[in-house]
1. Is any helix in chain A, taking whole DSSP H runs, at least 15 angstrom long along its axis by alpha carbon and on average at least 0.0 on the Kyte-Doolittle scale, and which ones?
2. When the dipole is taken about the Cα centre of chain A, and only Lys, Arg (+1) and Asp, Glu (-1) are charged at their Cβ, what size is it in debye, to the nearest 20?
3. Which semi-axes, in whole Å and largest first, does the equivalent ellipsoid of the range B:95-231 have when worked out from the alpha carbon gyration tensor as the square roots of 5 times its eigenvalues?
4. In the protein assembly as shown, what % of DSSP beta bridges are antiparallel (nearest 5)?
5. Under Stokes-Einstein, with the Kirkwood radius over Cα pairs standing in for Rh, what whole-number D in µm²/s applies to chain B at 20 °C and 1.002 mPa s?
6. So how far apart, in nm, are the two label points at A:Leu37 and A:Glu115 if each is 7 Å from Cα heading toward Cβ?
7. So which GluC sites (Glu not before Pro) in the range B:52-128 are both in a DSSP loop and have at most 13 other Cβ atoms within 10 Å of their Cβ?
8. Please give the contour-minus-distance gain from A:Asn107 to A:Ala253: 0.36 nm per residue of separation, less the Cα-Cα distance, rounded to one decimal in nm.
Amino acid sequence: MEKSDNGAVSYGQKQFMRKYRIRQIIIHTSRLLILVLFIGGWEMLTKYKIIDSFIFSSPSRIIKAAVKYWTDGTLKYHIGVTLAETFICFAIVILGGMAAAVLLWWNDLVYRILEPYLVILNSLPKSALAPLFIVWLGTGMRTIIVAAISVAIFGAIMSLYEHFRQTDPDKIKLIYTLGGNKLTVLFKVVIPSNKAFIINVMKVNMGLSLVGVIIGEFVAANAGLGYLILYASQVFKLDLVLLSITILAFVAAVLYLALDLLERFCLRSR
Amino acid sequence: MGSKLKVDNVCFSYYGLKGETKTIDNLSFEADEGEFVAIVGPSGCGKTTLLSCLSGLLVPTEGTITINGKHISEADVRIGYMHQKDLLFDWRDNYKNIALSIEISPFDKEERTENIKKLLETYDLKDFKHSYPSALSGGMRQRVALIRTLICKPDFLLLDEPFSALDFQTRLEVSDDIYRIIRKEKKTAILITHDIEEAISMADKILVLSKRPTHVIETIRIKLSVEDRTPFTARDAPEFSEYFHHIYKELKDGEIG
């Protein structure tokens, strides 16, 4: 707590701290309450047969399913497949997106030539391409990764390029007056000054990669959480559908938090 | 070591879809070794374009620029450029901001790294070595930028209104610092400014430029009868206001004519 010069805490400061603590308590208890009410309500509604637990499942049935499918290894396998596909897609989107954005920044002529194609590819709903990928590449991991990349990469290229292009021209001039060349400008100004934005692009594309992978698994897979959701719904195992969705929510949250930590680590000096 | 600069009939044009914009028109001048030349002119007349040509960032459409008799692209001199803004990078601490110029042109790296420490002490910035530019005042930031320029031991300094963003008091202090360094090391310096008083207080010679396309209207030698001349004491010289009125009139006529 901040103390004034004579060591005593002033009345105003005490009031402020009290208000702050009350606010924090309200926030945390409300969050918990929403979760408890949602899960408890769901359980009660199904227990007293107000809604059908065969269609809507229930928290207790989901937990039972979780134990069953975890012990027989089903969950581990499908989570592993989805994660692997997501990471491969994410890595290719980020590395490829950076490389392409740097190329476009480096050579304006290339950008001018490719601009209309990039705009069209970026605005095209990529799920429309999925059937095409299946015909060309068959079903399986390769198709899913290609489909997921197509969802994310054009947006990544366009937004990275836009930010690279907007780098402060005076800072670029500084590098040239210090005797640098275009490569120095890239590594000393363009990339470092856009560090926060690059991490932001990573956050967005981690999410998009997961979206792309799940879409891909819906149409062209025999493994992964997306496949599991689709398969289970077709054979009316709603416990498994909801279990998979819950796991997916956790996976998404963990991936986001991981990038959030990376962001704090990279930007801690400011 | 100073350098002798010769600008000979330089022309520069920007080309655009709406046509050619002639910015510099047959501009010639010389700066001797260790000479401090100030360039004043109406705003938008192409002063910064001229400085970009002198630093080699832009190539004149016509004419030549030589240093010690050699074309600037081949001359073996280091050019220091002080920008209008301090251009410190907020992702680097002050020390690393200065080290940027060593990273980019790494001659005698060790000696210069040693120099950073000395210069930080000279400018009372030692305690701020590892803090970030955002923690510094405008004057301190411009001093860090000055060290970044000086650490490369330039033979030849180009100053693009480096004081214009500072408040009046800091401006006097920083221009005093820069003036002393340039005099002590006998460097050749070209200062661009729109501030007539600043030009008179620092320069040996002032070039008055016309509006665009710009050329030299008049070259004025500044001789002030003060002992121990600094930008500060120069303002007390009896000739000061005479020069001021003369240049002011010259600029005014240039704008109309």
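The values are calculated or read from the model by the stated rules, or taken from the named source; none is laboratory data. Just so it is clear, the structure is predicted and the values come from calculations on it, not from any experiment. Heads up, the Cβs are rebuilt from the backbone with ideal geometry, glycines too, and the neighbour counts pull from every protein chain shown. Areas reflect the complete protein model, heavy atoms only, side chains present, ligands, DNA and RNA absent. Shrake-Rupley method; radii C 1.70, N 1.55, O 1.52, S 1.80 Å.
1. On the way: long enough: A:11-47 (53 Å, 0.16); A:59-71 (18 Å, -0.06); A:74-106 (48 Å, 1.56); A:108-123 (22 Å, 0.79); A:141-165 (35 Å, 1.26); A:195-220 (36 Å, 1.51); A:238-266 (42 Å, 1.97).
Once both thresholds are applied, what remains is A:11-47, A:74-106, A:108-123, A:141-165, A:195-220, A:238-266.
2. On the way: 27 positive and 15 negative charges, 182 e Å.
In debye, rounded to 20, chain A gives about 880.
3. Working: eigenvalues 168, 56, 47 Å².
Square roots of five times the eigenvalues give 29, 17, 15 Å.
4. Values: 21 of 40 bridges.
DSSP beta bridges in the protein assembly as shown are roughly 50 percent antiparallel.
5. Working: Rh = 19.1 Å.
D, rounded to a whole number, is 112 µm²/s.
6. Reported label-point gap for A:Leu37 and A:Glu115 is 5.2 nm.
7. Numbers: sites: B:Glu62, B:Glu74, B:Glu103, B:Glu110, B:Glu111, B:Glu114, B:Glu121; in loops: B:Glu74.
The qualifying sites are B:Glu74.
8. Details: separation 146, 0.36 × 146 = 52.56 nm, distance 3.79 nm.
Here the segment from A:Asn107 to A:Ala253 would lengthen by 48.8 nm.
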